[in-house]
1. All but one of (1) at pLDDT below 95; (2) open to solvent by 60 Å² or more (accessible area, probe 1.4 Å) hold for D:ALA5, so report the exception by its number.
2. Scan segment B:180-197 residue by residue and report those that are at the interface with chain A (Cβ under 7 Å from one of its Cβ atoms) and open to solvent by 10 Å² or more (accessible area, probe 1.4 Å).
3. Just name the residue that is nearest to the other protein chains (Cβ to nearest Cβ) out of those in segment B:1-26 that are within 10 Å of DNA strand F (Cβ to nearest atom) and not charged (D, E, K, R).
4. So, B:ALA110, is that one within 11 Å of DNA strand E (Cβ to nearest atom), part of a helix (DSSP H, G or I) and touching a Leu at 6+ places or on another chain (Cβ under 7 Å) or not?
5. Do we find a residue being at pLDDT 95 or above, touching a Phe, Trp or Tyr at 6+ places or on another chain (Cβ under 7 Å) and more than 16 Å from DNA strand E (Cβ to nearest atom) anywhere in segment C:140-150?
6. Tell me, please, whether a residue that is assigned to a helix (DSSP H, G or I), at pLDDT 95 or above and either in contact with a Ser or Thr (Cβ under 6 Å, 6 or more places away or on another chain) or of a type in the set (Asp, Glu) (or both) can be found in segment A:157-167.
7. With respect to A:THR90, is the statement that it is more than 17 Å from the chain's Cα centre (by Cα), of a type in the set (S, T, N, Q) and away from DNA strand F (no atom under 16 Å from the Cβ) true?
8. Which residue pairs have Cβ atoms under 7 Å apart, sit 6 or more places apart or on different chains, and have a first residue in segment B:166-179 that is open to solvent by 40 Å² or more (accessible area, probe 1.4 Å) and a second that is at pLDDT 90 or above?
Protein chains: 4
Amino acid sequence: MTAPASPERRRELLNTAAEVFAAQGYNATTVRRIADEAGMLAGSLYYHFDSKESMLDEILSTFLTELWDGYDAVLAAGLGPRGTIEALVTESFREIDRHRAAVAIYQKEARHLADQPRFGYLADSQQKFEKAWLGTLERGVADGVFRADLDVRLTYRFVRDTVWVAASWYRPGGLHSPEEIAGQYLSMVLDGIAERG
Amino acid sequence: MTAPASPERRRELLNTAAEVFAAQGYNATTVRRIADEAGMLAGSLYYHFDSKESMLDEILSTFLTELWDGYDAVLAAGLGPRGTIEALVTESFREIDRHRAAVAIYQKEARHLADQPRFGYLADSQQKFEKAWLGTLERGVADGVFRADLDVRLTYRFVRDTVWVAASWYRPGGLHSPEEIAGQYLSMVLDGIAERG
Amino acid sequence: MTAPASPERRRELLNTAAEVFAAQGYNATTVRRIADEAGMLAGSLYYHFDSKESMLDEILSTFLTELWDGYDAVLAAGLGPRGTIEALVTESFREIDRHRAAVAIYQKEARHLADQPRFGYLADSQQKFEKAWLGTLERGVADGVFRADLDVRLTYRFVRDTVWVAASWYRPGGLHSPEEIAGQYLSMVLDGIAERG
Amino acid sequence: MTAPASPERRRELLNTAAEVFAAQGYNATTVRRIADEAGMLAGSLYYHFDSKESMLDEILSTFLTELWDGYDAVLAAGLGPRGTIEALVTESFREIDRHRAAVAIYQKEARHLADQPRFGYLADSQQKFEKAWLGTLERGVADGVFRADLDVRLTYRFVRDTVWVAASWYRPGGLHSPEEIAGQYLSMVLDGIAERG
DNA sequence: CATGAATGAGGTTTCATTCAT
DNA sequence: AATGAATGAAACCTCATTCAT
């Protein structure tokens, strides 16, 4: 229904919207707030987008598409369990660096959105995600690379959450590069924070 | 001008409200939904509470009060850095077990609520929280109990987040007791998941 | 979703709404106009009804239900073709007398509403309606009661339309009773307006 | 300040607009819908027309002008009451054949438009119309050509409505020519559908 | 002639809240 | 304690219209 409009303008507006959604939450964000931020009137947004929801949809689906581009490349590289985990974590922090707002939105809203048919791809993605991580961890345990006494499922949850929650405090252009943060994080998760006797 | 009403009824209603807030988010939750769940009409809630916000307030402040009862006891026990971290993590998972809904709400809403004067105590709590954890980690590094090459601030963030995000997947009465989860988590964070050569 | 509310209030409000819909057309009628007429604010209508459309729905379905009560009684009475036509016409003008607004709305909006699933019963009714009238006319021709050279389908359309369009000028409590109007109309359709040589 | 533009393009656009107005109702028709149908953008229509209302105006006034050309010719021909009625009915079905969309719009919208000054000519036309038909019927009764027991006013309404409502089901190029339909209709109205004993 | 983008008024709807009963 | 009905502010969205290009 919505006119094609210029792709650059759309992207600008989506960036603005994503920033506000991430800061205030999707529900708490008014369409007028987004329009204010973009220097136009609320109604004018509807020249570019069908609805507030379709902005959210486009933000999330764009993000997931790019995320899986990166993940699929890592998974196809045949790096072995430890290398794969390292690459996935690093890739994740890079995604946070590039799509901070989208990740923050995803983090806050994915659970209840996944129920709606329109956002069914969120559930799909979550399943694919789980399979990738869980499989790698299990292979690592089987190969003797990771500790045998781990509860793999629990470990998966811890790792998954910690990585993504970082989007809530990460600021692009801050002290640490995504690679540095990934390094620190991997160091903690792989080797622990305790000094080894 | 809310009447005193029976404290048990209040608590029941607050539990109901907390459950719905946790499931749908505070903003997305309508007062009518809470009332439905409680078997009454929306207007009737106002006999018990001043406003939707005051329900949220009571849920969060009750939770934080109990949380700090536990934390303060741990911090006063003089357990040493490693023991303190272990006790804090264990205590945290116990709080999640008892106040799952409140923790989930806190996790999702604290950041933007903290700006409002009414919820200033959230910011205070966060600061106290940071001081406790950060201090313990730093002391641990100084004592040679934790690795010297840690970025303490980054580590703090990772640990803090993972513990609390657990509220989003934890189900009381599930397979693992809070203590077991804490054990697994501490094992990962302290010693790492990698098998030691 | 909407509360049950008192049936009398609902009926009052529906009558008000029907009057305005009939006068201005459904689309051109604002919910605020209805509320004004009812002495309340626009939002308050939503305590009683889900939407503007659901008001329309209830108006039309209530009308059709009562219409078919009358029609079915006539059709079951075994009056013969001429008697059936007379009774159907008379019954129709009685319905116009009792549901003038609903008939006028039906007249104006039925065609495009029938496309929407929600108003599928309009199409059903139209089909049943056609079957009843067309069948009676055909039986009349077969029995020699009606002229053999009639284009039955065309006749059906003329008769059907004239009866219902009357809703647009009929005023209850005017000079003519529904029965008188029916009589005049039947006199024209059955015997013609030309003086017989 | 609408430019003159080519008259053919105007006529094309007006035909398109009339078709959509007739199908969906004037109010429910968006300017964008018309533009879509014409293969242009909504704003572009404003090069040709001042406003949506002015399109409606031009459609209706063009139609009425041509209608009265025909009617006036009939009325000036001195055909006698029965002949005049026959000629008016035939002329009417011819107009429906040529201006189906405009007639349908007129039928649906005339009543409420007539209140606006801009569309005052609709009320004028209606009055002239009534005078022509009513006068002919009355003369027919006085001359003994039509039955003396008719309620002339009621008969006028029936006849007027049936003729014009035909626009809602008539499809140009269908089975029956306008003249055939007029014949059938006149047969019914003048002589009745009942077989004469 | 037409496009692309925006305006601004106004529409339907939602919802926290109030209050007489 | 709770109901039923209403309020009023604010939300999302629509759409006729304008105008620089």
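1. (2)
2. If the condition is that a residue be at the interface with chain A (Cβ under 7 Å from one of its Cβ atoms) and open to solvent by 10 Å² or more (accessible area, probe 1.4 Å), then B:GLN184, B:ASP191, B:GLU195 are the ones that fit.
3. Filtering first and then ranking leaves B:LEU13.
4. no
5. Yes: segment C:140-150 contains one or more residues that are at pLDDT 95 or above, touching a Phe, Trp or Tyr at 6+ places or on another chain (Cβ under 7 Å) and more than 16 Å from DNA strand E (Cβ to nearest atom).
6. From segment A:157-167, those assigned to a helix (DSSP H, G or I) are A:157-167; that's our starting set.
Add one more test, that the residue is at pLDDT 95 or above, and what stays is none.
No.
7. The answer is no for A:THR90.
8. The qualifying pairs are B:PRO172/B:ASP97; B:PRO172/B:ARG100; B:GLU179/B:THR90.
The values are calculated or read from the model by the stated rules, or taken from the named source; none is laboratory data. Note that the structure is a prediction, hence the values are computed from the model and not measured. Note that each Cβ is placed from the backbone with ideal geometry, even for glycine, and that neighbours are counted across all protein chains shown. Areas reflect the complete protein model, heavy atoms only, side chains present, ligands, DNA and RNA absent. Shrake-Rupley method; radii C 1.70, N 1.55, O 1.52, S 1.80 Å.
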